[in-house]
Amino acid sequence: MSVEDHLIGSWDLAADGRDGSGRDRHAVPHGVVAFGPSIDPSMPGSVARIDRGNGRFEVPGIHDFGTTDFTLGLWVNANARPTSALGDLAACFDPSTRRGFTLGFGHRDVCGSHSNDRNLLFGLDDGREPRWTEYSPPSGAAVMIYALVVHEDHLYAATWEESPVPLGHVYRLEGRTWVDCGSPWDANSVTRLAVHEGHLYAGVSRIKGGGSGRPDSLNQNPGGRILRYEGGTEWSDCGQLEGADSVAGLVPFDGSLYAIPIYSEGVFRMDAPGAWTWCGTPGRRLLALGVHAGALYGAGNDHAHVDSAIEQTRAGVVVAARSDAGGGGVFRYDGGERWTSLGLQPDTTQLYSIETHGGQMYVSTWPTGLVFRLSPAGAWESTGRLGNETEVMPLVSFNGMLYAGSLPHAQVYRLDEDRHWSALKTLDTTPDVLYRRAHAMGVYRGELFCGTLPAANVFSMQAGLAVSYDRALEVGWRHVAAVRAKGTIALHVDGRLVASRADDDPALPLDLGAGPTLWLGSGPQAGLDGELAGVRLYDRALEADEVAGLAVKPIS
């Protein structure tokens, strides 16, 4: 059987979106799409260039994937120095029914940690209810999972720990067992993790317990330091943030690593290990950094007097915003020491996370449990409150939908329609405490992982059926193929199988239905930031050797 016999769409994207399969399913470009030679000369001929998600291709006439097998292969050259979420490669997905498939990048910053670096995800869904798996806490002394990060096929967790030895640690998940990777510094918490240029970095802090309704730590050693993981339990010192004893953000942007403290103002850039450059301040403290559509942003903290605000929070008092117009605030970094305000959010004093979904920026807030979205006109729009929660922390765009974690009940919510968040699960039920947080999130093994306070639980959520490539996709032209074969899905990179998963119930296959349209270079998270070429769609599952054949780069 010839591979070409089952080719139902072929788009070289050399000069336009014409379909070379003979079926006249031409891809219609939208937005800004440029055609021409690649910036990487290893790919001959002409390719399509989409910058920061500002363009995409629509393929009419291909939308009913149902329960049938298919293979989608393509060449992609993602931005080597990301300044955006990198975006989706292809999708046929209806968020109103949660039906369809998505193929794209996981490259995101969750609560100021860089949880996924150039990872890929291929997922299907047909509106089924998610399935949850609970993992044991990584340590009996841990009270909070502060960060979850994927690095070189493993999930890493950063902790805040109390007695008997109040030292923050980093742990690595091996199967269902946590392996101790040591304590990077003698502070009580590891608050942020990030993958940058192939290395895992950690930010350490002296966390003040009152902000989470906890007692003050017995360990008062200062943090504010960045360290790099060297394997085993070894960490190398990458320097101190001047005047800081904590780290609230650790995020790569345009080839550099940026950091911010929790309890003081300022943004810093690492120009070399141990060498940090002051990048100014937007005029208030920041609680997180995030990257969106070509720029680095800071999420504002409106509490000017730190210790007073923490003591009031410990007593259950909500500190008012500085201005009647609102608080928090989002600020764009313009280089040097320059920052521009994108405005304040009403009824808000603190912002915790910045995420891209539907090509727009979303931010999570305290104290009214709201999530805001930045409109194309530059106004902040409320997308609704998460139940009766008062604080929203992590935001993650995963398998077509936007998810969030909350306080005080440590719940996970899904945005099912504008201004309607559906409660999915309570992750921490510790009794007799002021606050419970669902704080850290990351995508690993095709599932959404989440960590909590004060039990330091870790859960994973399976939404539909998804697989992920849990390594940073190498810079340059890469061939990516997504295959659905009866009850199994698989992801291939450069002709090599990197992930596969079988449906829990193969007798009841996921019905993807008839999605609105097939998009290339875009999807429910965001448009691609990079180059695209050689897209092929087949109405059967190709064998491994056939996929490898697609991954042979054309010769000029």
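The values are calculated or read from the model by the stated rules, or taken from the named source; none is laboratory data. These numbers were taken from a predicted model, which means no experiment stands behind them. Heads up, the Cβs are rebuilt from the backbone with ideal geometry, glycines too, and the neighbour counts pull from every protein chain shown.
Number of residues in segment 130-147 that are out of contact with any His (no Cβ under 9 Å at 6 or more places or on another chain) and under 20 Å from S468 (Cα atoms): the value is 6. Among the residues of segment 415-432, those identified as modelled with pLDDT of 95 or more and either touching a Lys or Arg at 6+ places or on another chain (Cβ under 9 Å) or β-branched (V, I, T) (or both) are D416, W421, S422, A423, L424, T426, L427, D428, T429, T430.
Of the strands (runs of 3 or more DSSP E) entirely within segment 233-290, those holding at least 1 residues that are at negative phi, loosely packed, with under 15 Cβ neighbours inside 10 Å and of a type in the set (D, E, K, R) occupy 234-240, 268-272.
Checked against (1) without any contact (Cβ under 8 Å) to a residue 40 or more places away in the chain; (2) in a strand (DSSP E or B), R25 passes all but condition (2).
Looking only at segment 467-474, decide whether some residue is assigned to a strand (DSSP E or B) and of a type outside the set (A, V, I, L, M). Within segment 467-474, one or more residues are assigned to a strand (DSSP E or B) and of a type outside the set (A, V, I, L, M). In segment 317-376, counting only strands (runs of 3 or more DSSP E) that sit wholly within it, the ones holding 2 or more residues that are in contact (Cβ under 8 Å) with a residue 40 or more places away in the chain, of a type outside the set (D, E, K, R) and more than 23 Å from V396 (Cα to Cα) span 339-341.
The set of residues from segment 374-392 being hydroxyl-bearing (S, T, Y) and under 15 Å from T348 (Cα atoms) comprises S382, T383, T390.
Evaluate the following for S375: is it among the polar types (S, T, N, Q), touching a Leu at 6+ places or on another chain (Cβ under 6 Å) and closer than 30 Å to R99 by Cβ?
Spelling it out, it is not the case that S375 is among the polar types (S, T, N, Q), touching a Leu at 6+ places or on another chain (Cβ under 6 Å) and closer than 30 Å to R99 by Cβ.
So that you can scan it fast, the table gives a plain yes or no per residue for (1) outside any strand (DSSP E or B); (2) modelled with pLDDT under 95; (3) farther than 21 Å from D416 by Cα:
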{"site": "G53", "(1), (2), (3)": "yes, yes, yes"}
{"site": "T71", "(1), (2), (3)": "no, no, yes"}
{"site": "L74", "(1), (2), (3)": "no, no, yes"}
{"site": "N77", "(1), (2), (3)": "no, no, yes"}
{"site": "C92", "(1), (2), (3)": "no, no, no"}
{"site": "S115", "(1), (2), (3)": "no, no, yes"}
{"site": "L120", "(1), (2), (3)": "no, no, yes"}
{"site": "R128", "(1), (2), (3)": "yes, yes, no"}
{"site": "P137", "(1), (2), (3)": "yes, no, yes"}
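Please work out if A514 is over 17 Å from F105 (Cβ atoms), of a type in the set (G, A, S) and in contact with a His (Cβ under 7 Å, 6 or more places away or on another chain). Here the answer is yes, as A514 does meet what is asked. For segment 513-536, the set of residues classified as over 23 Å from Y444 (Cβ atoms), assigned to a loop (DSSP other than H, G, I, E, B) and modelled with pLDDT of 95 or more consists of G521, S522, G527, listed by residue number.
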